[in-house]
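Structure first, commentary second.
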Amino acid sequence: MTMAEKWPPRRRPGTPACAAPDWDRAPLWIHGDLQPGNLIINGSRLAAVIDFGALGLGDPAPDVAAALWTFTGAVRDTYREAVGYDDATWRRACGWALAPSPTGIDN
């Protein structure tokens, strides 16, 4: 039995993200690795973005995932409203945010 199978089906990590529809619009330029370590902050403002090794065209969900690592509460809600992506994109972003979590877990 895998780690995910030990969870009730509706509570399995990634289930809503995996069920989200694919991005069906034109591919967008994405950074692909907007983790907090690649964001340079000066005071309380974003000053720079580094590490463009994953730059490419595609679904914006990997870049939207940065909001889940970086913002909380009302700030995250404000960001979500400002970027305007649909619920499916946010669900896929949750999957991208969750993806590194099981690294190194053994049964």
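The values are calculated or read from the model by the stated rules, or taken from the named source; none is laboratory data. Just so it is clear, the model here is predicted, and its values are computed rather than measured. Please note: Cβ atoms are built from the backbone with ideal geometry, for glycine as well, and neighbour counts cover all protein chains shown. With ligands, DNA and RNA removed, areas are computed over all heavy atoms of the protein, side chains included. Shrake-Rupley method; radii C 1.70, N 1.55, O 1.52, S 1.80 Å.
What distance in nm separates the two pseudo spin-label positions at residue 51 and residue 72, each 7 Å out from Cα along the beta-carbon direction?
So the label points at residue 51 and residue 72 sit 2.2 nm apart.
What is the mean projected area of the alpha carbon convex hull for segment 23-107, to one decimal in square nanometres?
Its Cα hull, projected and averaged over all orientations, spans 7.0 nm².
Heavy-atom accessible area per residue, segment 24-99, 1.4 Å probe: how many Å²?
Per-residue accessible area for segment 24-99 comes out at 62 Å².
Mind checking the full-extension length gain between residue 81 and residue 101? Use 0.36 nm per residue of separation minus the Cα-Cα distance, one decimal, nm.
Stretched fully, the residue 81-residue 101 segment lengthens by 4.6 nm.
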